[in-house]
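Every number in this text was worked out from the coordinates using simple rules, so none of it is lab data. Here the structure is a predicted model, which is why all the values come from computation and not from measurement. Note: ideal-geometry Cβ built from the backbone for every residue, glycine included; neighbour counts use all protein chains shown.
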Amino acid sequence: MLTKEISRGIRLSLMIAALVIASAINATCHAEETPPAIFGDVTIGQKFTPNPLTVRGMSGGSIPGRDIAGRSETPTGACTGYFDEEPDHTIELTSKFDYLKLEVESPEDTTLIVSGPGGSWCNDDFDGKNPGMIGEWLSGTYYVWIGSYKKDKYFPYTLRITEVK
């Protein structure tokens with residue numbers, strides 16, 4: 001338990017340092033924009049705004065993806081990489097979506113696990129080196145983990161959620 005808290009503390013410290021630097025760089029160009037939440041949870045229904053909705057975090061951990069997902073392969077991809085035990089984000093869908101896309105943007109190669117109504121799904125290369133998922137989503141609670149390929153390596157990311165094709 002203490003190791004998990006230390007790991008999350010290290011990730012949060014790294015994220016805060018990255019955000020301070022990024023904020024200083026972007027302050028003059030985008031003073032009117034509000035940065036996305038760090039490790040934020042989301043509740044959305046159809047036609048949500050802003051669209052895309054973004055949240056940020058730090059990828060990585062020490063738990064293998066197959067242990068989080070309960071298997072090594074899903075129809076959306078392999079369950080590779082290392083993750084924290086607890087999910088990075090919770091997404092509550094208040095209605096069914098005929099189309100919803102989750103996409104991770106990071107300067108490093110990251111991996112993704114989503115667990116919710118109907119099962120668990122993994123992905124590692126949706127668009128280039130970054131993971132994502134697209135398709136029909138049932139209403140309910142989804143738990144989202146963002147991982148790194150190497151154990152205990154942490155990288156900043158932005159998770160984009162959109163219903164625009």
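Computed FRET efficiency, Cβ-Cβ of residue 99 and residue 71, R0 22 Å: what is it to the nearest 0.05? Can you show the working numbers first?
Numbers: r = 26 Å, r/R0 = 1.17.
Taking R0 as 22 Å, the efficiency between residue 99 and residue 71 is 0.30.
What the phi angles of the range 90-106 give under the Karplus curve with 6.51, -1.76 and 1.60, with θ = phi - 60°, is a coupling list of 10, 10, 9, 9, 7, 8, 6, 10, 6, 8, 8, 10, 10, 9, 9, 10, 8 Hz, glycine and proline written as x.
Greater than 25 Å separation of Cα atoms is the criterion. Which listed pairs, 47/129; 96/150; 47/153; 129/165; 96/151; 129/150, meet it? Flagged as over cut-off: 47/129; 96/150; 47/153; 96/151.
Comparing Cα centroids, the range 101-157 and the range 56-95 end up 6 angstrom apart. With 0.36 nm allotted per residue and the present C-alpha distance subtracted, the residue 90-residue 125 stretch has 10.4 nm of extension available.
Using 0.36 nm times the number of residues separating residue 43 and residue 141, minus their current alpha carbon distance, what extension gain do you get? Before the final figure, lay out the partial values.
Numbers: separation 98, 0.36 × 98 = 35.28 nm, distance 0.89 nm.
So the chain would gain 34.4 nm between residue 43 and residue 141.
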